[in-house]
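Read through the structure below, which is laid out as structure tokens, and then see the notes.
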Amino acid sequence: MLILLCCFLSALSFTEHLFHNAFTDISVGIIWGYIVTNLYVLLLYTINPNILPKKEKRLKSSIKRSFDFNISLALRICLVALLAIITAQPLNILILKPYTQSFAFDIRNLLAQNQIAWVVTIFVVAIFLLPIYLKYSIRKLGEFYEKKAEIEKRIIEDDYQDFKKKYSSVMQSNISIYNKSVWNNLMSYLTKLEKINQIAYQKHYREITDELINEKIEKYEYWANPPYRTEQKSKIKNIHSEQDLLNHIYPETD
């Protein structure tokens, strides 16, 4: 709410220099404040430790470590700071009230000559960055992220099991429909064959019956830890002896 208020007052101050209309100033302030605050909340939500399994590291080590500092995280933090700096400049104009008509000149002049402008800017940046610091600190108060990881893993795995059941059901239904269609197409030919050659009819009937069965289908897993797919299945190699190779190449004949 404090960030929303800062964004609203910042936009209100900026539009007041442009339109000098209370309705327009308030409308733009509300819209701009809502947009920037939602963008900020979205960025804040993405700044989290890795709580789900990753290919390069396991879950526990990922949670115990600090936030993985990488280029993506640095860019998001810089973007948060940039939003704060942009928001702070119209607030400087609103608070310090310079007497020129050039908005850009006022901002540059205040930052160059008035230390209070820097204090306001740093204060607004601190407000924007404070929740990030709190997200760092919350892990020291308990097992928040461990519990969150447990809940999210349970949700993902339950959904994946539901997906596998639906996958099996759909595949089995399609196979059953296909088998019925094949039976219907072949039945007229089998009926004709039965009248001509009873032995051939019995042979082909058994072959078709053995082929057209409603098999139970299960999704094949290529990975050892589905659905995260970070660990490959271990490949078991059956190494045979040299004699086995020779027997394969030169089989014994009677």
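The values are calculated or read from the model by the stated rules, or taken from the named source; none is laboratory data. Being a predicted model, the structure only gives us computed values, none of them experimental. All Cβ positions, even for glycine, are placed from backbone atoms using ideal geometry, and neighbour counts span all protein chains on display.
Applying the set (1) exposed (fewer than 10 other Cβ atoms within 10 Å of the Cβ); (2) within 28 Å of residue 165 (Cβ to Cβ); (3) without any contact (Cβ under 8 Å) to a residue 24 or more places away in the chain to residue 216 leaves exactly one unmet item: (3).
Under 7 Å between Cβ atoms, which residue pairs at least 6 apart in sequence (or on different chains) link something in the range 220-248 that is touching a residue at least 12 places away in the same chain (Cβ under 8 Å) with a partner that is β-branched (Val, Ile, Thr) and surrounded by 12 or more Cβ atoms within 10 Å (Cβ to Cβ)? Here the result reads 227/156, each pair linking the range 220-248 to a residue that is β-branched (Val, Ile, Thr) and surrounded by 12 or more Cβ atoms within 10 Å (Cβ to Cβ). Sub-7 Å Cβ pairs linking a first residue in the range 38-58 that is in the same structural domain as residue 80 (by TED's automatic domain parsing) and closer than 20 Å to residue 228 by Cα to a second residue that is small (Gly, Ala, Ser) and modelled with pLDDT of 75 or more, at least 6 apart or interchain, are 51/149; 52/149, ordered by first then second residue. Would you confirm, using the coordinates I've provided, whether residue 219 is part of a helix (DSSP H, G or I), at pLDDT 85 or above and of a type in the set (D, E, K, R)? Answer is no for this residue.
One line per residue, one yes/no per condition, for (1) assigned by TED's automatic domain parsing to the domain that holds residue 179; (2) not aromatic (Phe, Trp, Tyr):
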residue	(1), (2)
200	yes, yes
205	yes, no
210	yes, yes
227	yes, yes
241	no, yes
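Taking residue 114 as the residue in question, decide whether it is touching a helix residue (DSSP H, G or I) at 6+ places or on another chain (Cβ under 7 Å) and not aromatic (Phe, Trp, Tyr). Yes: the conditions hold for residue 114. Consider the range 198-213 and keep the residues that are exposed (fewer than 12 other Cβ atoms within 10 Å of the Cβ) and among the polar types (S, T, N, Q). The one that is farthest from residue 167 (Cα to Cα) is 198.
Here residue 145 meets each of (1) at pLDDT 90 or above; (2) touching a Pro at 6+ places or on another chain (Cβ under 8 Å) with one exception, condition (1).
Only one entry in 234, 181, 176, 169 is within 30 Å of residue 155 (Cα to Cα) and modelled with pLDDT of 90 or more, namely 169. Among the residues here, residue 145 qualifies as touching a residue at least 24 places away in the same chain (Cβ under 8 Å) and among the hydroxyl-bearing types (Ser, Thr, Tyr).
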